[in-house]
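To keep things clear, I will list the structure first and then write my remarks on it.
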Amino acid sequence: MEDTFRHKGLRERMCEEMRAKGITDENVLEAMRKVPRHFFMDPSLDSLAYEDRALPIACGQTISHPSTVAFQSQLLEVKQNDKILEVGTGSGYQACILAAMGARVLSIERHDELFQRTQRLIVQLKYFVRCYHGDGYKGIPTSAPFDKIIITCGAPMVPPDLLKQLKIGGMMVIPVGDENYEMRRITKLSDTETKEETFGNFSFVPMLEKKQGGNNKFL
Ligand code: SAH
């Protein structure tokens with residue numbers, strides 16, 4: 001894996017594009033300038049890595065558009081040392097962007113094959129991201145509560161277990177819908193109250209139930 005001057009130049013240009021598209025959080029832009037997106041995909045896609053498009057990864061999944069990663073990261077208002085749960089590790093790019101912003105990230109992926117590959121990559125890259133193979137609907141109760149939760153697949157509704165695992169005062173960024181997903185930011189005000197904000201429509205692969213592969217098929 002090589003990060004050349006050409007890659008760095010393309011990243012610089014990508015960050016300018018993100019700025020033009022409304023990303024103002026300098027911490028997000030700095031992380032996107034640092035993290036080599038081309039490391040998170042097949043080398044044959046290298047020439048497309050810094051265009052604002054989603055690209056295929058293993059198991060029929062996709063790495064999100066850079067502008068979607070930037071937008072979700074900005075909505076999370078990441079603070080140094082925030083403990084963040086990500087649902088949908090996929091390529092690991094979004095998780096590493098949050099880690100580069102100073103967060104401690106725990107990320108769940110339902111596909112065993114993707115989990116294995118991405119865990120290996122992240123260990124190599126040395127980002128503060130811990131990978132889990134499991135069903136994101138259940139979250140990680142043993143590590144809760146989280147300061148922030150980010151869902152990077154399209155959810156049919158807000159999973160109640162995830163809301164439970166959010167700190168009071170914490171925020172969840174989640175695309176909700178069916179095929180077309182509305183970006184929502186949910187702030188947990190108390191055990192019984194939330195504030196919801198919406199931010200337009202995005203496309204995502206669907207959030208599916210139950211983990212796949214590993215020791216137990218479809219457990
Ligand atoms: N954050 C990723 C986006 C990957 S696409 C990246 O930066 O590349 C979304 C991922 O969510 C897919 O890998 C998909 O397998 C995973 N996913 C879907 N439903 C899930 C669930 N219930 N639990 C955990 N992961 C899930």
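The values are calculated or read from the model by the stated rules, or taken from the named source; none is laboratory data. Everything numeric in this text was worked out from a predicted model, so none of it was measured. Ideal geometry is used to build each Cβ from the backbone, glycine not excepted, and the neighbour counts take in all protein chains shown. Heads up: the accessible areas ignore ligands, DNA and RNA and are worked out on the full protein's heavy atoms, side chains in. Shrake-Rupley method; radii C 1.70, N 1.55, O 1.52, S 1.80 Å.
Within the stretch 76-105, being open to solvent by less than 10 Å² (accessible area, probe 1.4 Å) and either under 23 Å from THR198 (Cβ atoms) or away from the ligand (no atom under 12 Å from the Cβ) (or both) holds for LEU76, ILE84, LEU85, GLU86, VAL87, ILE97, LEU98, MET101, ALA103. ALA144 meets the conditions (1) under 22 Å from GLU196 (Cα atoms); (2) near the ligand (Cβ under 8 Å from one of its atoms) in every case but one. The failed one is (2).
For the stretch 61-82, give me each residue that is without any contact (Cβ under 8 Å) to a residue 24 or more places away in the chain and either on the phi > 0 side of the Ramachandran plot or assigned to a helix (DSSP H, G or I) (or both).
Going residue by residue through the stretch 61-82, those that are without any contact (Cβ under 8 Å) to a residue 24 or more places away in the chain are 65, 80-81.
Residue satisfying the conditions is ASN81 alone.
Look at (1) modelled with pLDDT of 95 or more; (2) within 12 Å of the ligand (Cβ to nearest atom) and you find that GLY60 fails only one, number (1).
Just give me the residues in the stretch 44-55 being assigned to a helix (DSSP H, G or I) and either surrounded by 13 or more Cβ atoms within 10 Å (Cβ to Cβ) or modelled with pLDDT of 95 or more (or both), in sequence order. Before the answer, list the steps.
Of the residues in the stretch 44-55, the ones assigned to a helix (DSSP H, G or I) are 44-48.
Within the stretch 44-55, SER44, LEU45, ASP46, LEU48 meet the criteria.
Annotation note: of THR187, THR198, the sole residue that is modelled with pLDDT of 95 or more, open to solvent by 60 Å² or more (accessible area, probe 1.4 Å) and among the polar types (S, T, N, Q) is THR198.
Exactly one residue out of ARG33, ARG37, ARG110 is within 13 Å of the ligand (Cβ to nearest atom), modelled with pLDDT of 95 or more and open to solvent by 10 Å² or more (accessible area, probe 1.4 Å), and it is ARG110. Residues that are in contact (Cβ under 8 Å) with a residue 40 or more places away in the chain and either open to solvent by 20 Å² or more (accessible area, probe 1.4 Å) or closer than 26 Å to GLY214 by Cβ (or both) within the stretch 146-158 comprise PHE146, ASP147, ILE149, ILE150, ILE151, THR152, CYS153, GLY154, ALA155, PRO156, listed in sequence order. Screening TYR137 against (1) touching a residue at least 60 places away in the same chain (Cβ under 8 Å); (2) more than 11 Å from the ligand (Cβ to nearest atom) leaves a single unmet condition, (2). Evaluating TYR181 against the criteria (1) at pLDDT below 95; (2) within 12 Å of the ligand (Cβ to nearest atom) leaves one unmet condition, (1). Restricting attention to the stretch 132-145, the residues that are open to solvent by less than 20 Å² (accessible area, probe 1.4 Å) and among the hydrophobic types (A, V, I, L, M, F, W, C) add up to 1.
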